[in-house]
Every structure is written in structure tokens, then in C-alpha cells.
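See below for the structure under consideration.
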Amino acid sequence: MQVIVHFNNQQVSSLSGYNQKLSAELKYEIDASFFQGKTNLNTAEVLDFISQDLLEFKILSNKAVIIPQASYVIWRVNLVINGMETIYIISDSHPPQLI
């Protein structure tokens, strides 16, 4: 799920977003890493994937999260981009993908 908020003079001017289900292929790759008990990506790979589109950011946290109810692993990265806190959810697969 992604929610996009646009501001104008520190006021919300528009709000949009979407909710996208995982493809069967991507879910399989994520599930495989969960059942192996380890992540496919390391921290550096996740940050490299994120930083390719960003010029300036500050990392607040970066961790692999195992979701036992759904049996898969994601990476949750909290960043500050241009003063705004942003959360990236990334698949634990090669290549990584934004979820």
C-alpha cells in the first residue's frame, strides 16, 4: 500500500494512493527467504536500492521484518527526505522491489 500526500504552504492539498497485492512470483521469492530463516538481501543492498533515486536523505531505521501471519520477509526502512519522514517497504528478493 502506498499513500501519497501533497502539501501546499504546509497544508494538505491532495491525497492519493493504491493497494497492490503481491504477484505469485514475488510472494514465492519472499516466502523462500522466510522458510530459510535468513534474508536474501543485506542492509547495504537495501540502502543501495533506495538511494539510487534519492539525492539526499537521512536513515532513521532499517530492518528486516518477518511477518509470521503471512509467512514472508520484508524490509522496512524509515527515512527523512527533505524534512519529511518516509517509510519504504521493500521485498526481500533479488532484485528488490518496492511493495
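Read-outs throughout are calculated quantities, based only on the coordinates presented, and are distinct from any laboratory measurement. Quantities reported herein were computed from a predicted structural model and do not represent experimental measurements. Note that each Cβ is placed from the backbone with ideal geometry, even for glycine, and that neighbours are counted across all protein chains shown.
Points worth noting:
- Peptides 76-82, 10-16 ordered by packing proxy, namely the average of other Cβ atoms within 10 Å per residue, highest first: 76-82, 10-16.
- Annotation: amide H of Thr86 within the under-5 Å range of Leu79, Val80, Ile81, sequence separation 5 or more or interchain, hydrogens built in the peptide plane.
- Take the Cβ atoms of Ser51 and Gln11, set R0 to 35 Å, and the FRET efficiency comes out at 0.70.
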